[in-house]
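In what follows, a structure is listed as structure tokens, so that the remarks can point back to it.
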Amino acid sequence: MFDFERVLWDAATRMGGEQQLMAMFDWYREANRKTRRIFWTCSAGWAMDMADSVVYSYMIPILVTALGMTLVEAGFIASSNFFAAAIGGWIGGWLCDRYGRARILQLTILWFSFFSFASGFAQNYEQLLVLRILQGFGFGAEWAVGAVLLGEVINPKHRGKALGTVHSGAAIGSGIAALLAGPFAALFPEDLGWRIVFWSGILPAFLIFLIRRDADDSEIFKKAAKRAKETGQRHSIGAIFKPNMLRTTSLAALLSLGVQGAAYSISNYLTAFLSLERGLSISVAGVLVMINSAGGFFGFLTNAYVSDAVGRQMVFRLFGAGFVITSLFYLYAPLGDNVYALGATGLIYGFFQFGMYASFGAYFTELFPTELRGTGQAFAYNFGRAGSAAFVSLVPIVALTMDLSTAMVLLGIVGIAFVAIATLLLPETAGRELHDLEEESPNVEVLRAP
């Protein structure tokens, strides 16, 4: 049988010292086979999930021509998918608290894969809009449910490393999307290429065969589920807003909003900045943005390891400060239209911009109790995702009274200020054993099954 893990290890050993690599991957070597399988499933699922979500944006010029849409209609599809992901994430998180992490992860992967595939059959704007909204429901839920599942089975001292590495799949997914929407789609006739790209979205569905439903759920979840069945307690989807959970939920949502709002305030307008203020062509600007994503991959991995060492609060502050500093340099340094200088600077900027995300999974898993972990984590993360739309919308409005670059930085700093406030008020959780509601205040309201 082909040993994929052995091949990866041998390749990594050839690229660096074996002792250093062994130390870096201790967490993986210590994990049992079940945990490793869950890790690879979540990593692949998240990378392909991101690829399918991002590829739509890359193909907008093609889709406008192919389906006779306007740019406004294309943008509305993107926004609708965004908000559907937020709603789907919250619902998916609640479902995994109620019915199990593994089986809901299977459902979310199958859901977004099917509607990604179905998008390739759209004949007009209205059909594509409905299909991308439905795809968004699964997209929003997949990461949160997978993060909860892996976060509950991994050793607490390695939780940041494992979940941060999974989140690095976002950068890989972005690169896959660029390849699919560009060179791959170009291999086929224009009216067929974009359809084949969407059809390829069915591939992640095969990951469901790597998940073993109830057997893959963590012991802490199984105990909580057994206790709920014996007592007849069922928590409502709004239980995360009850008095004993409201502070945690609000601050976690603020942290998510700060990180994602800051990142999108700048990243969404980088192509426009590079073309309008640096005088570069759109194609060259696109290449530079891809270089930023490459830096982001290493930012994810670095954050993952630093987070377990210095704590969740500190790593968010460090990467937030790095994001502000590198953003200011990238946007204001006298680099002109020097592609090499912009590429090198963008690589470092991307390191911090993407790297800020890496500790969400670990921190939110530790903040919320088992019975509400999926609901709380999914709501907080997706609140930030939906709320970041306000930051994106404000940038061009603020830019009416100042340069685009200044508006981008200003909104980015506001986002990082939210991060600072949230991390000052939230507890440090690195290395914490996960907890149940019975270890919290007993005042949370529940729905009793009839």
In region 421-434, residues that are modelled with pLDDT of 95 or more and surrounded by fewer than 16 Cβ atoms within 10 Å (Cβ to Cβ) total 3
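So, of the residues in region 159-183 that are of a type in the set (S, T, N, Q) and within 24 Å of GLN135 (Cα to Cα), which turns out to be surrounded by the fewest Cβ atoms within 10 Å (Cβ to Cβ)?
Among them, the one singled out is SER174.
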In the set ALA215, ALA224, ALA239, which member is in contact with a Pro (Cβ under 9 Å, 6 or more places away or on another chain), modelled with pLDDT under 90 and closer than 30 Å to HIS435 by Cα?
ALA224
Filter region 98-114 for residues that are without any contact (Cβ under 8 Å) to a residue 60 or more places away in the chain and of a type outside the set (A, V, I, L, M); the one that is surrounded by the fewest Cβ atoms within 10 Å (Cβ to Cβ) is TYR99
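Would you check which residues across region 325-334 are surrounded by fewer than 18 Cβ atoms within 10 Å (Cβ to Cβ), among the hydrophobic types (A, V, I, L, M, F, W, C) and either in contact (Cβ under 8 Å) with a residue 40 or more places away in the chain or touching a Pro at 6+ places or on another chain (Cβ under 7 Å) (or both) and list them?
Result: LEU328, single match.
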Anything in region 260-276 that is open to solvent by 40 Å² or more (accessible area, probe 1.4 Å) and at pLDDT 80 or above? List them, or say none.
TYR264
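Of the residues that make up region 84-101, is at least one within 21 Å of MET59 (Cβ to Cβ), modelled with pLDDT under 90, of a type outside the set (Val, Ile, Thr) and under 17 Å from the mean Cα position of the chain (by Cα)?
In the first step, residues of region 84-101 are kept if they are within 21 Å of MET59 (Cβ to Cβ); the result is 84-85.
Within this subset, residues satisfying the condition of being modelled with pLDDT under 90 are 84-85.
Restricting the remaining residues to those that are of a type outside the set (Val, Ile, Thr) gives 84-85.
Right, trim to under 17 Å from the mean Cα position of the chain (by Cα) and you get 84-85.
Yes, region 84-101 has at least one match.
Which of the residues that make up region 44-79 are in a helix (DSSP H, G or I), among the hydroxyl-bearing types (Ser, Thr, Tyr) and open to solvent by 20 Å² or more (accessible area, probe 1.4 Å)? I'd like the intermediate steps shown before the answer.
The initial filter retains those residues of region 44-79 that are in a helix (DSSP H, G or I), namely 44-58, 60-67, 71-79.
Add one more test, that the residue is among the hydroxyl-bearing types (Ser, Thr, Tyr), and what stays is 53, 56-58, 65, 79.
Passing the criteria: SER53, SER57, TYR58, THR65, SER79.
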Only one of these is farther than 27 Å from LEU426 by Cα, open to solvent by less than 30 Å² (accessible area, probe 1.4 Å) and in contact with a Gly (Cβ under 7 Å, 6 or more places away or on another chain): LEU288, LEU342. Name it.
LEU288
Name the pairs: first residue in region 162-188 and closer than 15 Å to GLY286 by Cβ, second residue open to solvent by 10 Å² or more (accessible area, probe 1.4 Å), Cβ to Cβ under 6 Å, at least 6 apart or on different chains?
SER174/VAL54; SER174/SER293; ALA177/VAL54; ALA177/TYR58; ALA178/MET290; ALA181/TYR58
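Looking only at region 184-202, decide whether some residue is of a type outside the set (A, V, I, L, M, F, W, C), open to solvent by 50 Å² or more (accessible area, probe 1.4 Å) and in a helix (DSSP H, G or I).
yes
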Of all residues in region 328-386 being among the charged types (D, E, K, R) and more than 13 Å from the chain's Cα centre (by Cα), which is modelled with the lowest pLDDT?
ASP337
Of the residues in region 213-244, how many are assigned to a helix (DSSP H, G or I) and either open to solvent by 40 Å² or more (accessible area, probe 1.4 Å) or closer than 28 Å to ILE109 by Cβ (or both)?
21
Evaluation of LYS229 against (1) farther than 30 Å from LEU179 by Cβ; (2) touching a helix residue (DSSP H, G or I) at 6+ places or on another chain (Cβ under 8 Å); (3) at pLDDT below 85 (one fails), failing number:
(2)
Of all residues in region 1-43, which are over 20 Å from PHE300 (Cβ atoms), modelled with pLDDT of 80 or more and open to solvent by less than 70 Å² (accessible area, probe 1.4 Å)?
LYS34, ARG37
Within region 368-414, of all residues that are β-branched (Val, Ile, Thr) and open to solvent by 20 Å² or more (accessible area, probe 1.4 Å), the one farthest from LYS223 (Cα to Cα) is THR401
Quick one: is VAL148 open to solvent by less than 10 Å² (accessible area, probe 1.4 Å), among the β-branched types (Val, Ile, Thr) and within 18 Å of PHE364 (Cα to Cα)?
yes
Go through region 345-366 and count every residue that is within 18 Å of ALA430 (Cβ to Cβ) and open to solvent by 10 Å² or more (accessible area, probe 1.4 Å).
1
Sole miss for LEU95 among (1) in contact with a Phe, Trp or Tyr (Cβ under 6 Å, 6 or more places away or on another chain); (2) open to solvent by 30 Å² or more (accessible area, probe 1.4 Å) is condition (1)
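The values are calculated or read from the model by the stated rules, or taken from the named source; none is laboratory data. Note that the coordinates shown come from a computational prediction; the quantities given were computed from them, not determined experimentally. For neighbour counting, all protein chains shown are included, and Cβ atoms are generated from backbone atoms with ideal geometry for every residue, glycine included. Remember, those area values only see protein heavy atoms, side chains included, never the ligands or the DNA or RNA. Shrake-Rupley method; radii C 1.70, N 1.55, O 1.52, S 1.80 Å.
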